[in-house]
Amino acid sequence: MQDEVRYQAARKISIQTMMGNLFLTVLKLLIGFFSGSKATIADGFHSLSDVLTTLLVLFCIRISRKPADEDHPYGHYRIETILALIMAISLGFVGLEIAKTSIKTVQSGSYKSAGVLPIVSALLSIIIKEVMFRYTYRVGKQIDNKALMADAFHHRSDAYSSIAALFGTTGAYLGLAILDPLTGLFVSLFVIKAGYDIGRPTFDELMEKNDEALALKIATLSERVNNVINAHHIRTRKNGSKIFVELHLVVDHDLTVLESHEITENVESMLKNELPSIEEVLVHVEPSHQ
């Protein structure tokens, strides 16, 4: 039931933001082509990339909700992480492309005014994209969906692109057209940083980096269970929004197999209650050396 609620929340916001991006794409491209504003046209294609990205997110969350099977015993949650990493890389390329275009424009010296409409388009885009970012990121955080949170940063990168377009078109309108490429170069750094901020934790997850803070918390909680002497050798594996845990428990050497098994069940039940993201707990029991 929890996975279904999570899926429906992600699906709803993805469709809403995709419709918003479609509106912005059509608006920017029409204004860009009719006014001759290259900055607005580029901004329009950036919005179009967000539409395609959201389609990927919808595809991703559909697959991630599939139950575990023989070929995927840990479920399909990790596709969220894979998509988040792809989006992080794409953000990096978008940032580099903005920087490249801005530098070429400065070198060429081809600046011209495109009128007032591109300014209005950029202002509208900044407002809508910032609302999209905050809304998408909040929901993504609530349901712990990395792909959705990565998509939120795609919205913010589009807002940065629109800020560059706003400065550029306003500068051109006021006779300072060089502001367009210079601002674009500055904004490209923020876009690249957004890609890095998304990519670093997702790369750690794909490499199955152990969460030391989480391991310490699991050890503390486990040792509160009756007859557990010590909890150690704890390993955690993040799989999308789910956590898989392996740990060793030291119990009294005089306990029977049945009693030891009951302890492992108590530990597993307690950990899942205290940390709802835990999907599975694998326990190895060791006798004390007394």
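Taking GluC sites (Glu not before Pro) in DSSP loop conformation with at most 13 other Cβ atoms inside 10 Å as exposed sites, the chain has its longest uninterrupted site-free stretch at 71-207.
Footprinting exposure proxy ranking of ARG235, ARG224, fewest other C-beta atoms within 10 angstrom first, gives ARG224, ARG235.
Any chance you could tell me what percent of the C-alpha pair distances in the chain go past 26 Å?
Working: 22591 of 41905 pairs.
Distances greater than 26 Å cover 54 percent of the Cα pairs.
Let me check against my output: what whole-number percent is the relative contact order of the stretch 120-245, with C-alpha pairs under 8 Å and at least 6 apart?
Numbers: 122 pairs, mean separation 23.9, N = 126.
Reported relative contact order: 19 percent.
Among the listed pairs LYS66/LYS242; LYS28/LYS146; LYS100/LYS129; LYS217/LYS272; LYS141/LYS242, those whose Cα-Cα separation exceeds 18 Å are LYS28/LYS146; LYS100/LYS129.
FRET efficiency for ASP254 and ARG224, Cβ-Cβ distance as r, R0 = 22 Å, nearest 0.05? Working shown, then result.
Numbers: r = 21 Å, r/R0 = 0.96.
It comes to 0.55.
Suppose only helical runs count, i.e. DSSP H with n ≥ 4. What mean residue ellipticity at 222 nm does that imply for the chain under -39500 (n - 2.57) per run, divided by all residues and rounded to the nearest 500 deg cm²/dmol? Mean residue ellipticity at 222 nm (helix-derived): -25000 deg cm²/dmol. Net length available on complete extension from VAL131 to VAL106 is 5.8 nm, with 0.36 nm assigned per residue and the Cα-Cα distance removed.
What dipole magnitude, in Debye to the nearest 20, does the stretch 212-287 give about its Cα centre under +1 on Lys/Arg Cβ and -1 on Asp/Glu Cβ?
Values: 7 positive and 13 negative charges, 101 e Å.
Once rounded to the nearest 20, the dipole reads 480 debye.
Taking other C-beta atoms within 10 angstrom as a stand-in for reagent exposure, ASP43, ASP144 fall in the order ASP144, ASP43, fewest first.
Placing unit charges on the Cβ atoms of the charged side chains and taking the dipole of the stretch 2-206 about its Cα centre, the candidate lying farthest along the positive direction among ILE31, ILE126, TYR137 is ILE31.
What is the sum of charges around VAL120, taking Lys and Arg as +1, Asp and Glu as -1, for the other residues whose C-beta is under 14 Å from the C-beta of VAL120? Intermediate values should be presented prior to the final figure.
Working: positive: LYS28; negative: ASP43.
So the environment of VAL120 carries a net charge of 0.
Take TYR74 and LEU55, extend 7 Å from each Cα along the Cα→Cβ direction, and tell me the distance between the two endpoints in nm. That separation, rounded to one decimal, is 3.0 nm. Between ARG11 and ILE178, residue separation times 0.36 nm minus the direct Cα-Cα distance comes to 56.0 nm. Summary value for the chain: 18 percent relative contact order, contacts being C-alpha pairs under 8 angstrom separated by 6+ residues.
Taken together, the values in this text are just the output of simple stated rules run on the coordinates, not laboratory data. Here the structure is a predicted model, which is why all the values come from computation and not from measurement. Here Cβ is always computed from backbone atoms with ideal geometry, including for glycine, and neighbour counts include all displayed protein chains.
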